[in-house]
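Below: the structure, in structure tokens.
Read-outs throughout are calculated quantities, based only on the coordinates presented, and are distinct from any laboratory measurement. These numbers were taken from a predicted model, which means no experiment stands behind them. Quick reminder, even Gly has a Cβ in these numbers, built from the backbone with ideal geometry, and neighbours come from all protein chains shown.
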Amino acid sequence: MIRSRYTGATACIAVMLFGVMACHRESRPVATSFELHDAWVRSDPDSGSTTAAYIRFVNGTPDTVVVSKFSSDDASVVELHQTSIDANGETHMDKRDTLVIAPSHIVVMQPGGYHLMMIGTTHSLQPGAMVRIAMHLSNGAIVSTSARVKP
């Protein structure tokens, strides 16, 4: 008889703990930040030439983030481009006006996809150096990151 009461009490405790754990899972905090990660720039041995930069954008906010302009003190012009392949298998690089990152989404810039063209570099970009890149958001905010130069 004692054994059955103990088993019943254990079952009640298990149900209560399961309920608490279920509630705990639902109340997990939601990310509320816009973050930049893994930024890098291809090395450029000649000042005044063009190179590419890549960044991973993480939008942990409930709002769409729109980057309307890119800039850097290390290049005269920074443009957003997207590489695509047409129906004939030809590769094209097209300039884009904005980068849109939906709520709770990640956009990864990488060779063969979205990338930044850094046109007219102001100095030689050697491997290991750091380059600042600024993102001008449509709401007026400016977010910047440091990108490591890689070969």
Exercise for the section: Give the residue, chosen from Thr145, Thr98, that is within 19 Å of Arg56 (Cβ to Cβ), loosely packed, with under 13 Cβ neighbours inside 10 Å and touching a strand residue (DSSP E or B) at 6+ places or on another chain (Cβ under 8 Å). Expected result: Thr98
Practice task
Tell me which of these Gln110 doesn't satisfy, since it passes every other one: (1) part of a strand (DSSP E or B); (2) within 14 Å of Asp38 (Cα to Cα).
Solution key: (1)
Handout entry: Residue in segment 70-93 that is farthest from the chain's Cα centre (by Cα), counting only those that are part of a loop (DSSP other than H, G, I, E, B) and surrounded by fewer than 16 Cβ atoms within 10 Å (Cβ to Cβ)
Key = Asn88
Fill in the blank from the handout: Of (1) surrounded by 12 or more Cβ atoms within 10 Å (Cβ to Cβ); (2) touching a Ser or Thr at 6+ places or on another chain (Cβ under 7 Å), Pro103 fails just (1)
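What are the residues in segment 115-143 that are assigned to a strand (DSSP E or B) and without any contact (Cβ under 8 Å) to a residue 60 or more places away in the chain, if any?
Those that are assigned to a strand (DSSP E or B) and without any contact (Cβ under 8 Å) to a residue 60 or more places away in the chain: Met130, Ile142.
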